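Here's the structure, in structure tokens; my notes come after.
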Amino acid sequence: MTMFLIKKADVGKIAQELGREYQVYGPMIEKGSGQTFFDRAEDVAEINLSAPIPSNPPKSVVFPQMERILSYEYDRTKNTVKMEPDYEVTPKALVGLRPCDLAGMLCLDRFFMGQEFVDEVYLNHRKKMFIVTNTCVTPFKQCFCVCTDSGPAAGEGYDLNLTDLGKEYLVEVGSEKGAALAAKLSLAPANDSHLALKKEKVDQSIAMFEDIAVDSKAWVSRVMNRVTTGFVKDDVWEYIGDQCFECGACTFVCPSCSCFNIADVNNTDCAGCADRLRTWDSCSYEGYSRMAGGHNPRKPVEDRRNKRFFCKLSYSQMKKYLRPGCVGCGRCAWVCPGDIGLPNVVTYVRREITG
Amino acid sequence: MNQKPGVCTFCGTGCGHFIGTENNRITRVYPSQNHPVSKGRLCVRGWNIHELLDTPERIKKPLVRADGGFKESSYDDAVARLVDALKKYPPESIGFLASPRSSNEEQYLLMKLARAAFKTNNISLDSDSGHRASLNVLHAGTGMAGMLGSIEEIRKAEFILVAGIDITRQNPIIGSEIHMARRAGAMVVTLDSRRTQIAKLSKKFLQVKPGANRLAVLALAKTIYDENLSDAAFLSAHTEGFEKFRHAFGLLPDNEVSDRTGIPAEEIKAVARDLAKAKSAMVFFSSGISGLDEDTIGFIYNLFLMAGKVGKEGCGVNPVAGLNNLQGGYDMGIAPDLLTGFQALEDTAVAKKFSAEWKADVPAATGAPIYTLLSDPSSKLKALVVVDHDEGIVRYADAIKKLDFVAYIGAFKNPFAEYAHVVLPIATYVQEDATFTNTERRIQYSMKKIEPEEGLLPGWKLYAMIAGKAGLSWKYAKVSDVMDEIARLTPTYAGVSHAKLSAGFGMQWPVDEKNPQGTRRFDIAQAGRKLSFYKVSDVFEVPAAKEQFPFLLMVGKAQHFWHQNNLMKKTHIPMREYNATLMDYPEGYVEICPRSAKEIGVRDRWPVRVVSPHGEMRVDVKVSEDVKPNTAYAPYFVQEMISRFLLGHTEVLRQGEDATIPVRIEKV
Ligand code: SF4
Ligand code: SF4
Ligand code: SF4
Ligand code: SF4
């Protein structure tokens, strides 16, 4: 594998160079509130590689919260319909992606593109993408990627991977596109001692989870079997379901969740015109799984909760994602009004807590 | 980065969010992690607010009536028509129905317009106006016309009573805070006739018979008194009028309490002891659309006062506002008898201060709330100005049709506009800087996110234009000037300005010289007065089921408010969610427990006839464990049901959530 070094002061050059060809996205801190967002950088200098894990999952780049995917015009007199698919094709570069979030995006790839049908809208967002990941040399409070095999260092799927070695970053190349960029920047080569240093940093980071990542202690592997085989008592699910406020947040913030809704909206400026919107949706909503005629296979709220945790924690879902659906980012624990983020659920299932 | 901070404008919780835009359109929303109220959470409504803010269902052009329909017009023409129409009538024939969703600045200017330009005190808030009952009690008792506690302090309360409010549905993020407090060990008790989600999440649930809330609260108070659990030193040092309240205890027939409330006497006593021994305690209730009535709220306040749980950290008697700027509406003087900051209109010094600032006299004649006028067949109301009606149903449609003139001012399409002669569009709340005051008195700044559509005026400019045509000259260069004027006239807002608010997450009033950063909660040390017990009634009639009418039917309005809400109808996902129940029971439903269903011989979704002494209706039954035997629950959200059956019971409905109708339920 080819490896290079880049001085800390120069690391911004990567985003700068990418900015010539790509729309650049990265982690940034909102000044008024101190909240980190993974968002489009109007100015690449805004990108902050030492910012904490972004509050929002980077999935919004490939799967926006609300997106016009089609517009159509129906002409009553001629009885004709004009349809325009509305694909976003601008090439995008993600700079400073956290490893868990990359794992989440790979799950989305497999959901949207790896099955029988390929989702064209997603494909167009994703196809020319350049990805620069950033190893977490320290974890954050709510992290548990170590339990879900998705961090604190990325293993595959990047073009370049950065690791903060102190004074400089180790730059690992993961693709031809990555190699070309490294060449363009004339980076200094790295050697095995740097790789060893990286390994040390990653081991240190893992060791830090005990003291730093205190919000989310989840022993994921212990519950996967039980969730897969359905060997979880009903009253455990009921205890969890009673605490769900049906807000949808856990789905929205999850880097691997892919539920969406399609709605057609009349364009009031033009008779017979309408836009087709795709928006984030959530399996925690009663209306999501409701079918015409009133039949709802997952009516009680505990059944809908059960669906989400099944999706995140069962072996059967692994066939689709080729890994657990949960990538250990801990965001759902941040935003859940019912305090039933995935780590708590894992604890309840594992210890059969029912109240 | 494209993330603009703001406030969710669906309910009175006032959660913080960030809005993303593209090409001058709203495309997304994300919770604000460090916001002191919501701390990174939003509910189903808040998470989908971008669907509303991007709706094409907007009013974009001024419209005037012509040949039975509407024709597009200009602001100039439409405003002239409005002013000419209103000028034809004496003040008592003009009315203003304000929206609890408008910003403080817009509320204030509408209030000023009604009084300074059209000389009328006929002005009131649409929807949820029952909040006034709570403010009356708290203002009389403590001088603070708002929530005494604070959402931020919920986790400091050792005891929390949730009285008659389905809080995880109405104000979900406040419900979440209560749930978090419970998980951290607080004693959370729910007092309700239906088993709500918060009832399931509480440590104790007192399932009270419909209509007996007051009695249950009195029984709690009496236990504290009988067992000598109140803080005598607190009572004598800080309160007055306890003797009068104590009088009520003597009238409580001990042996009947459990029978009439449906709660075992020992359970009531245990909760009273929990309350008394907790170092800090809060109560949440709603006096909104159909929350508790003023008398019951008086009892609740008195209970917490005698228990010594007012004015200390982690304490609070907390009315919950269902709509985002309901509290702000009252703060801005949208009531016939109020000016801003709950200052009494009849106080001549206050009226003089306003007249001097306005350079126009504040009218002295008594006004009345608009719905009172519309329901009174002998009322003189002839012309009505309505702003952003919030509901999908127009009440008193017949009376409105009979008016000579109706003007509708709003940002979103609404069925109310169909009754109007003049329709004036305004910008949405993300198209102008604005402030909103949440249920815990937090005044929050919401920065403009996108430009209004070409030619569209924000509300404050439209009101200034109307005032101009009516002969006044209002000189506001920018919307922040309006807040400066509010601050000059309102002691509780004295230290507020847009510049100060834009720096953080808002400030809780009073914001004044003594409290330049605002006031988190009512503080006994700063009160400078004794707190008075509220004057409550001493008649404890509880509606009783009779032989021919063995069920007590509760009519839930608040719980279903969002089903028929005008804004909700302009979203996709929240609308789908709120309609999920409606799809199972398209004609509405009456909820009874499995035992009652068995006795009547019906199953879920079977039709029944509900018969009361005053009318009858046919609906489907919903069978659920959430109600007790011989009680029934009907949601107030299906138009048909309201007009066919419930309107015949308006007297009962006016009494609020405690309103119950004895009925018979028959299989058909
Ligand atoms: S979960 Fe792991 S990969 Fe994700 S931010 Fe935390 S430490 Fe990094
Ligand atoms: S389930 Fe929760 S912790 Fe797991 S990836 Fe999704 S948001 Fe992150
Ligand atoms: S975030 Fe929590 S409360 Fe909201 S839908 Fe998910 S599990 Fe339910
Ligand atoms: S609780 Fe109220 S303010 Fe908060 S997100 Fe929900 S609707 Fe908006």
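Read-outs: derived from the displayed coordinates by stated rules, not from any lab. All figures in this text were calculated on a predicted structure; none of them were measured in a lab. Here the Cβ is made from the backbone with ideal geometry for all residues, glycine too, and neighbour counts use every protein chain on show.
Stokes-Einstein D for chain B at 10 °C, 1.306 mPa s, Kirkwood Rh over Cα pairs, in µm²/s? Provide the component values of the computation, followed by the final result.
Values: Rh = 25.6 Å.
For these conditions, the coefficient is 62 µm²/s.
By how many nm would the segment from residue B:22 to residue B:605 grow when fully extended, if each residue of separation counts as 0.36 nm and the alpha-carbon distance is taken off?
Separation in residues times 0.36 nm, less the Cα-Cα distance, equals 205.3 nm.
Could I have the simple spin-label model distance between residue A:215 and residue A:318, label points 7 Å from Cα toward Cβ, reported in nm to one decimal?
According to this spin-label approximation, the distance is 2.8 nm.
Stokes-Einstein at 4 °C, 1.567 mPa s, Kirkwood radius from Cα pairs: D for chain A in µm² s⁻¹?
Using the Kirkwood radius from Cα pairs, D works out to 59 µm²/s.
Please compute the contact order of chain B in relative form: average sequence separation of alpha-carbon pairs under 8 Å and at least six residues apart, divided by the residue count, as a percent. Please report the intermediate quantities before stating the final value.
Details: 1472 pairs, mean separation 127.2, N = 668.
Computed value for chain B: 19 percent relative contact order.
Contour minus end-to-end for residue B:625 and residue B:57, with contour as 0.36 nm per residue of separation and end-to-end as the Cα-Cα distance?
Details: separation 568, 0.36 × 568 = 204.48 nm, distance 3.95 nm.
Residue separation times 0.36 nm, minus the Cα-Cα distance, leaves 200.5 nm.
DSSP loop GluC sites (Glu not before Pro) in segment B:274-348 with at most 13 other Cβ atoms within 10 Å of their Cβ, which ones?
Details: sites: B:294, B:313, B:346; in loops: B:313, B:346.
Within segment B:274-348, the qualifying GluC sites (Glu not before Pro) (loop, at most 13 other Cβ atoms within 10 Å) are B:346.
Given the pairs A:233/B:39; B:359/B:469; B:546/B:598, which span a C-alpha to C-alpha distance of over 24 angstrom in this model?
Where the Cα-Cα span goes over 24 Å, the pairs concerned are A:233/B:39.
What FRET efficiency comes out for the pair residue A:20/residue A:199, r = Cβ-Cβ distance, R0 = 35 Å, nearest 0.05?
0.55
Over 25 Å between Cα atoms: which of B:413/B:448; B:478/B:569; B:413/B:449 fall into that group?
On the way: B:413/B:448 21 Å; B:478/B:569 32 Å; B:413/B:449 21 Å.
Exceeds cut-off: B:478/B:569.
Output needed for segment A:79-236: three equivalent-ellipsoid semi-axes, defined as square roots of 5 times the C-alpha gyration tensor eigenvalues, in descending order, whole Å.
Taking √(5λ) for each Cα gyration eigenvalue gives 31, 29, 12 Å.
Compute the helix-to-body angle for B:479-489: its Cα long axis versus the longest principal axis of chain B, expressed 0 to 90° and rounded to tens.
60
Quick one: grab Rg to one decimal and Dmax as a whole number for segment B:279-340, Cα atoms only, in Å.
Taking only Cα atoms of segment B:279-340, I get Rg and Dmax of 13.3, 40 Å.
Sorted from largest down, give the three principal axis spans of the alpha carbons of the protein assembly as shown, whole angstrom values.
89, 68, 65
Go through B:619-628, B:525-534 and give me the packing order, highest mean Cβ count within 10 Å leading.
Answer by packing, highest mean first, reads B:619-628, B:525-534.
Report the calculated FRET efficiency for residue B:243 and residue B:365 (r = Cβ-Cβ distance, R0 = 25 Å), to the nearest 0.05.
Details: r = 39 Å, r/R0 = 1.54.
About 0.05, to the nearest 0.05.
For segment A:193-224, which trypsin sites (Lys or Arg not before Pro) are both in a DSSP coil and crowded by at most 15 other Cβ atoms within 10 Å? List each step's numbers first, then the result.
Values: sites: A:198, A:199, A:201, A:217, A:222; in loops: A:217.
Here the trypsin sites (Lys or Arg not before Pro) that fit, given the DSSP loop and packing criteria, are A:217.
Using the 10 angstrom Cβ neighbour count as an exposure proxy, how do B:412, B:561 rank, fewest first?
The most exposed by this proxy come first: B:412, B:561.
Would you kindly derive the ³J(HN,Hα) couplings of segment B:42-50 from the backbone phi angles with the Karplus curve 6.51 cos²θ - 1.76 cosθ + 1.60 (θ = phi - 60°), listing them in order in whole Hz, with x for Gly and Pro?
Ordered by residue, 3J(HN,Hα) equals 9, 9, 4, 6, x, 6, 10, 5, 5 Hz.
Mind listing which GluC sites (Glu not before Pro) in segment A:30-91 are in a DSSP loop and have 14 or fewer other Cβ atoms within 10 Å?
A:42
What is the diffusion coefficient of segment B:4-53 in µm²/s, taking the Kirkwood radius over Cα pairs and the Stokes-Einstein relation at 37 °C with a viscosity of 0.692 mPa s?
307
Residues of segment B:1-31 with amide nitrogen under 16 Å from the 7 Å Cα-to-Cβ point of residue A:86?
Zone members listed by number: B:21-28.
Determine the shape class of segment A:205-355: with a ≥ b ≥ c the square roots of the Cα gyration tensor eigenvalues, call it rounded for a/c under 1.5, and otherwise prolate if a/b is greater than b/c, oblate otherwise.
prolate
Count, for each residue of A:265-275, the Cβ atoms from other chains sitting within 10 Å of its Cβ, then give me the mean as a whole number.
2
By its C-alpha gyration tensor, with a ≥ b ≥ c as the square roots of the eigenvalues, how is segment B:56-102 shaped: rounded for a/c under 1.5, else prolate for a/b larger than b/c, else oblate?
Note, shape of segment B:56-102 comes out oblate.
If you plug each phi of segment A:239-251 into the Karplus form 6.51 cos²θ - 1.76 cosθ + 1.60 with θ = phi - 60°, what whole-Hz ³J(HN,Hα) values come out, in order, with x for Gly and Pro?
4, 5, x, 4, 8, 7, 8, 6, 8, x, 4, 4, 6
Let me understand segment A:1-93 better: what is its radius of gyration from the alpha carbons, and its Dmax, in angstrom?
19.3, 66
Restricting to Cα atoms and excluding each atom paired with itself, what does the Kirkwood estimate give for segment B:394-439 in Å?
Averaging 1/r across every pair of different Cα atoms and inverting gives 12.5 Å.
Under the classification rounded if a/c is under 1.5, otherwise prolate if a/b is larger than b/c and oblate if not, where does segment A:61-168 fall, given a ≥ b ≥ c as square roots of the Cα gyration tensor eigenvalues?
It comes out prolate by the Cα gyration axes.
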